[in-house]
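The values are calculated or read from the model by the stated rules, or taken from the named source; none is laboratory data. Small disclaimer: the values here were computed from a predicted structure and weren't measured. Every residue, glycine as well, gets a Cβ built from its backbone with ideal geometry; the counts of neighbours run over all protein chains shown. The accessibility values were calculated without ligands, DNA or RNA, using every heavy atom of the protein model including side chains. Shrake-Rupley method; radii C 1.70, N 1.55, O 1.52, S 1.80 Å.
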Amino acid sequence: MNNLGILLRRELASYFATPVAYVFIVIFLLMAGAFTFYLGGFYEREIADLQPFFTFHPWLYLFLVPAIGMRLWAEERKSGTIELLLTLPVTTGEAVIAKFLAAWLFVGLALALTFPTWITVNVLGDPDNGVILAGYLGSWLMAGGFLAISACLSAVTRNQVVAFILAVVVCFGFLLSGLPMVLDLFRGWLPQAAVDAIANLSFLGHFDSISRGVVELRDLVYFALVIGFWLAANRIVIELKKAH
């Protein structure tokens, strides 16, 4: 656990050692604001909530989170520092978790810096802050799912661009899997139980429930399973790379 903490601090500090972290945060805040106030019609709706703010998060994360995740392992492999990292007195599992948690905390920091939007809606009206808090929770969990996928695919290749493209494609699949136009492709030749299983893989369905203030155990378990599955896959990929 001590090794995990040391590695977590090392990874987290590395984000702020270069301008990349600051550029990411600025881009995230600008795009979140633009989507909320312009595309989402924040003022025109005349409703005191943050629904326009959370509606665009899945699509915002689709490109920004893989941009963070692509460097986690691909950069270590390209620079040759992965051998040094894996010779430290830490297990592969601890290294995978530490890298993921550092990146997840970093994305959480960027999300937390949107607090002026929350303050604004409280100044303008009387929103249900419980619903807004649930929306932030759902958004952070969804970011964790995107990040776990991106981290695993970053371990597959030493090329960060390839890792980014792979992560975007897979995350896009998880976003679309619950849409009717996608499910219609499977209804003709798969049993209904399999179609329902594909629909349940969708990030959108689980995130929408939480962002509306309906925090159910099944949605929390879903995101925990997604993160756990991809981190386990990440560990297996690293172990296989070590074996070669």
If we ask which residues in region 48-58 are touching a residue at least 40 places away in the same chain (Cβ under 8 Å), among the hydrophobic types (A, V, I, L, M, F, W, C) and open to solvent by 10 Å² or more (accessible area, probe 1.4 Å), their number turns out to be 1
Find the helices (runs of 4 or more DSSP H) located wholly in region 128-244 whose residues include 3 or more that are of a type outside the set (V, I, T), open to solvent by 10 Å² or more (accessible area, probe 1.4 Å) and without any contact (Cβ under 8 Å) to a residue 12 or more places away in the chain, and list them. 180-187, 192-200, 217-243
Can you give me the ranges of the helices (runs of 4 or more DSSP H) entirely in region 43-91 with at least 3 residues that are closer than 22 Å to L8 by Cα? 57-69, 71-79, 81-87
All-but-one check, L4 against (1) open to solvent by 50 Å² or more (accessible area, probe 1.4 Å); (2) more than 20 Å from the chain's Cα centre (by Cα), failing number (1)
Given the conditions (1) under 22 Å from I25 (Cβ atoms); (2) open to solvent by 50 Å² or more (accessible area, probe 1.4 Å); (3) under 20 Å from the mean Cα position of the chain (by Cα); (4) not acidic (D, E), and given that W104 satisfies all but one, which numbered condition is not satisfied? (2)
How many residues does region 76-99 contain that are surrounded by 18 or more Cβ atoms within 10 Å (Cβ to Cβ) and under 21 Å from the mean Cα position of the chain (by Cα)? 7
Are there any pairs, at least 6 apart or on different chains, whose C-beta atoms fall under 7 Å, with the first in region 80-93 and closer than 21 Å to A232 by Cβ and the second open to solvent by 30 Å² or more (accessible area, probe 1.4 Å) and of a type in the set (D, E, K, R), and if so, which? L86/K242; T92/R235; T92/E239; G93/R235
Output the residues belonging to region 9-21 that are open to solvent by 40 Å² or more (accessible area, probe 1.4 Å) and either under 21 Å from D208 (Cα atoms) or within 18 Å of the chain's Cα centre (by Cα) (or both). L12, V20
For the list (1) open to solvent by 50 Å² or more (accessible area, probe 1.4 Å); (2) farther than 25 Å from F172 by Cβ, I need the number of the one condition that L39 fails. (2)
Just to be sure, is G33 open to solvent by less than 80 Å² (accessible area, probe 1.4 Å) and not in a loop (DSSP other than H, G, I, E, B)? yes
What's the number of the only condition in (1) under 16 Å from S154 (Cα atoms); (2) at pLDDT below 85 that V96 fails to meet? (2)
